[in-house]
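The values are calculated or read from the model by the stated rules, or taken from the named source; none is laboratory data. A quick note: this is a predicted structure, and the numbers were derived from the prediction, not measured. Positions of Cβ are generated from backbone atoms using ideal geometry, with glycine treated the same way; all protein chains shown enter the neighbour counts. Accessible surface is based on the protein model in full, side chains and every heavy atom, while ligands, DNA and RNA are left aside. Shrake-Rupley method; radii C 1.70, N 1.55, O 1.52, S 1.80 Å.
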Amino acid sequence: MHIPESAHLWALFAVGHGLHVLKRASLSAKSRLSGTKTRAEWLRTNALTLAIRLFVNAAGFSYWIAHPAAATQVIHTVGIPFNLTVEPSHATAALFGLSGDSMLDWAAAKVPLLQKEIPVSSP
């Protein structure tokens, strides 16, 4: 049985995203400042927020798979002649999953519209 390449990419994205979420939950459970004492408690407390953030990250990942040159086109419209095209691969899919939530935090800090729409995970 042949598994489509896109299924491999999505699986690696999901594993990367899951690892990032577990890392956040672990750091929160260890923190003296956190109101949660276990990873499971943190996951339950942040379930809706995590679902929304996963949806937004998955939408971005899906768009990138369909349009790997999108970032290049955006910076070309502002006059910067730099190639940011990165073709989807196993490594880049896993890294997108692992770092997508952090990129979302960065973007939400810079774009006021995202600050209203993207919930912040509690510490």
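Could you list, in sequence order, the residues of region 53-65 that are of a type outside the set (F, W, Y) and open to solvent by 60 Å² or more (accessible area, probe 1.4 Å)? It would help to see each step written out before you state the result.
Residues of region 53-65 of a type outside the set (F, W, Y): 53-54, 56-60, 62, 65.
Selection gives L54 alone.
Select from region 69-96 the residues that are open to solvent by less than 60 Å² (accessible area, probe 1.4 Å) and within 18 Å of the chain's Cα centre (by Cα) and write down the one among them that is modelled with the lowest pLDDT.
My answer is A71.
Please enumerate the residues belonging to region 108-123 that are small (G, A, S) and either farther than 15 Å from F55 by Cβ or in contact (Cβ under 8 Å) with a residue 40 or more places away in the chain (or both). Break it down stepwise before answering.
Just the residues of region 108-123 that are small (G, A, S), to begin with: 108-109, 121-122.
Selection gives A109, S121, S122.
When you go through S34, S99 one by one, which is the residue that is surrounded by 15 or more Cβ atoms within 10 Å (Cβ to Cβ), assigned to a helix (DSSP H, G or I) and either out of contact with any Phe, Trp or Tyr (no Cβ under 9 Å at 6 or more places or on another chain) or touching a residue at least 60 places away in the same chain (Cβ under 8 Å) (or both)? I'd like the intermediate steps shown before the answer.
Numbers: S34 fails: assigned to a helix (DSSP H, G or I).
Going through S34, S99 in turn, just one is surrounded by 15 or more Cβ atoms within 10 Å (Cβ to Cβ), assigned to a helix (DSSP H, G or I) and either out of contact with any Phe, Trp or Tyr (no Cβ under 9 Å at 6 or more places or on another chain) or touching a residue at least 60 places away in the same chain (Cβ under 8 Å) (or both): S99.
Going by the conditions given, is A14 within 18 Å of the chain's Cα centre (by Cα), in a helix (DSSP H, G or I), among the aliphatic types (A, V, I, L, M) and modelled with pLDDT of 95 or more?
In short, yes.
Being touching a Ser or Thr at 6+ places or on another chain (Cβ under 8 Å) and of a type in the set (K, R) is the filter here, so list the residues in region 14-31 that pass it.
R24
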